[in-house]
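Engineer: Pasting a structure below so you can have a look.
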Amino acid sequence: MQIHVRSNHIEGSVRLQEWVSATVTERLDRFEDFLTRVEVHLSDENGNKAGADDKRCQIEARPKGHQSISVTHKASSLDQAVDGATEKMRHALDHMVGKLEVRAVSTG
């Protein structure tokens, strides 16, 4: 599973990229064989201005042989935005894998 981190209006340091990659890998580790690539888009909606819930994390996961899944989470800090988005993605992938397993069992 490849993880790509992109940032907009946020300084995309190596440390930030490593932290985001480690967080996503840790949370989505059990889907590693199911996913080809995960793209993480970080942005600050207000740029240099302060504001509530202005940090945004969008995660797009590309499952093998299926359409990509995208989730977004906004929060007041980047940590919370990344945590929220990874949790949403984990839930979405759990749901997708569950549906695929049910189809496989019901069709034999």
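The values are calculated or read from the model by the stated rules, or taken from the named source; none is laboratory data. The structure displayed is predicted, hence computed values, not measured ones. No Cβ is skipped: glycine too gets one built from the backbone with ideal geometry, and neighbour counts run over all protein chains shown.
Engineer: Quick one: SER21 ticks every box in (1) assigned to a helix (DSSP H, G or I); (2) surrounded by fewer than 16 Cβ atoms within 10 Å (Cβ to Cβ) except a single one, so which number is it?
Structural biologist: (2)
Engineer: Just checking, how many residues over region 24-40 are buried (at least 18 other Cβ atoms within 10 Å of the Cβ) and assigned to a strand (DSSP E or B)?
Structural biologist: Selection size over region 24-40: 3.
Engineer: Between a first residue in region 60-72 that is free of Cβ contacts under 8 Å to residues at least 12 places away in the same chain and a second residue that is assigned to a strand (DSSP E or B), which pairs have beta carbons less than 6 Å apart while being 6 or more apart in sequence or on different chains?
Structural biologist: So the pair list comes out as SER68/GLU60; SER68/ARG62.
Engineer: Looking for whichever is modelled with pLDDT of 90 or more and assigned to a strand (DSSP E or B) here; the options are GLN58, GLN80. Which one fits?
Structural biologist: Result of the check over GLN58, GLN80: GLN58.
Engineer: Right, next: Quick check on region 4-18: of everything there that is outside any loop (DSSP other than H, G, I, E, B) and hydrophobic (A, V, I, L, M, F, W, C), which residue is farthest from the chain's Cα centre (by Cα)?
Structural biologist: The selected residue is VAL14.
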